[in-house]
1. Report yes if G42 is at positive phi, without any contact (Cβ under 8 Å) to a residue 60 or more places away in the chain and either in contact with a helix residue (DSSP H, G or I) (Cβ under 6 Å, 6 or more places away or on another chain) or buried (at least 17 other Cβ atoms within 10 Å of the Cβ) (or both), otherwise no.
2. Please verify whether the range 16-31 includes one or more residues that are aromatic (F, W, Y), touching a helix residue (DSSP H, G or I) at 6+ places or on another chain (Cβ under 7 Å), surrounded by 13 or more Cβ atoms within 10 Å (Cβ to Cβ) and touching a residue at least 12 places away in the same chain (Cβ under 8 Å).
3. Any idea which of G78, G57 is open to solvent by less than 50 Å² (accessible area, probe 1.4 Å), of a type in the set (G, A, S) and at positive phi?
4. Open to solvent by 90 Å² or more (accessible area, probe 1.4 Å) and of a type in the set (A, V, I, L, M, F, W, C), is that true of F91?
5. Can you pull out the strands (runs of 3 or more DSSP E) entirely within the range 26-95 that have at least 2 residues that are small (G, A, S)?
6. I'd like the residue in the range 38-88 that is more than 10 Å from the chain's Cα centre (by Cα) and of a type in the set (S, T, N, Q) and, out of all such residues, is nearest to Q26 (Cα to Cα).
7. In the range 1-25, how many residues are in a loop (DSSP other than H, G, I, E, B), farther than 30 Å from A80 by Cα and over 14 Å from the mean Cα position of the chain (by Cα)?
8. Checking Q67 against (1) without any contact (Cβ under 8 Å) to a residue 60 or more places away in the chain; (2) open to solvent by less than 90 Å² (accessible area, probe 1.4 Å): exactly one of these is not met. Which one?
Amino acid sequence: VTINTPNWIERQRNPERWFPRQAFMQGIAGEVVLDCDVDVGGRLSCVVTSETQAGQGFGDAALRIAQAHVMRPAMQNGAAVRGRYRMVVPFTPNG
């Protein structure tokens with residue numbers, strides 16, 4: 001089941017704290033796309049599918065951010081089922 005519009009139970013409140021330090025100090029922006037499996041408890045298990053500005057630490061930071069998220073799981077016939085979610089994590093040094 002593909003989840004297009006997540007209903008978040010928990011979200012990372014301060015994603016800027018995960019911004020890779022060296023990239024932040026140099027004013028480098030980036031973006032990461034994650035492909036995530038969502039279990040029946042709403043927890044995400046993700047892999048990086050693309051990372052703009054590779055080698056700056058954005059992929060690892062995005063994975064840590066995703067681990068702090070929990071969503072309501074997908075439902076089928078009234079029961080929670082595993083799903084897939086594509087998460088885009090932008091990193092902008094200026095907020």
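The values are calculated or read from the model by the stated rules, or taken from the named source; none is laboratory data. These figures come from a predicted structure and were not determined experimentally. Every residue, glycine among them, receives a Cβ derived from its backbone with ideal geometry; neighbour counts consider all protein chains shown. Just the protein is used for accessible areas: all its heavy atoms, side chains included, with ligands, DNA and RNA removed. Shrake-Rupley method; radii C 1.70, N 1.55, O 1.52, S 1.80 Å.
1. Taking the combined requirement at face value, the residue satisfies it.
2. The answer is yes, given that some residue of the range 16-31 is aromatic (F, W, Y), touching a helix residue (DSSP H, G or I) at 6+ places or on another chain (Cβ under 7 Å), surrounded by 13 or more Cβ atoms within 10 Å (Cβ to Cβ) and touching a residue at least 12 places away in the same chain (Cβ under 8 Å).
3. G57
4. no
5. The strands (runs of 3 or more DSSP E) meeting that bar are 44-52, 79-81.
6. Here the answer is Q56.
7. Selection size over the range 1-25: 1.
8. Condition not satisfied by Q67: (2).
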